[in-house]
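Working notes, structure below.
The values are calculated or read from the model by the stated rules, or taken from the named source; none is laboratory data. Predicted model only: the values in this text are computed from it and were never measured. Cβ coordinates were reconstructed from backbone atoms using ideal geometry, including for glycine residues, and neighbour counts include every protein chain displayed.
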Amino acid sequence: MVDDAPQPKESPLKRRREELGLTQRDIGLALGKTDQTISNWETGIYEPKMTPREFKKLCELLKWSIEDMPEDFGPLLSS
């Protein structure tokens, strides 16, 4: 029997972080968050809650414009 349930794809935040050679700790320290918080964002456990200053810092760290920022940091579902 084939399982037709959507399979999760890698988190866009995790993919970008790894492309840039950054750790969860690097992101967390820059934003004043714990590495566990960043992990929770990447796994989709929690939605990020950031101030505008933190959001701007994250964009700078990830070298993303606001337009590049994904709608969700957690794993995406593929059909």
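Residues in region 28-74 that are among the hydrophobic types (A, V, I, L, M, F, W, C), more than 21 Å from LYS9 (Cα to Cα) and assigned to a helix (DSSP H, G or I): LEU29, ALA30, LEU31, PHE55, LEU58, CYS59, LEU61. The set of residues from region 11-49 being over 10 Å from the mean Cα position of the chain (by Cα) and under 17 Å from ASP68 (Cα atoms) comprises GLU18, GLU19, LEU20. Can you confirm whether region 59-66 contains a residue that is at pLDDT below 95, over 13 Å from the mean Cα position of the chain (by Cα), of a type outside the set (Ser, Thr, Tyr) and loosely packed, with under 15 Cβ neighbours inside 10 Å? Yes: one or more hits.
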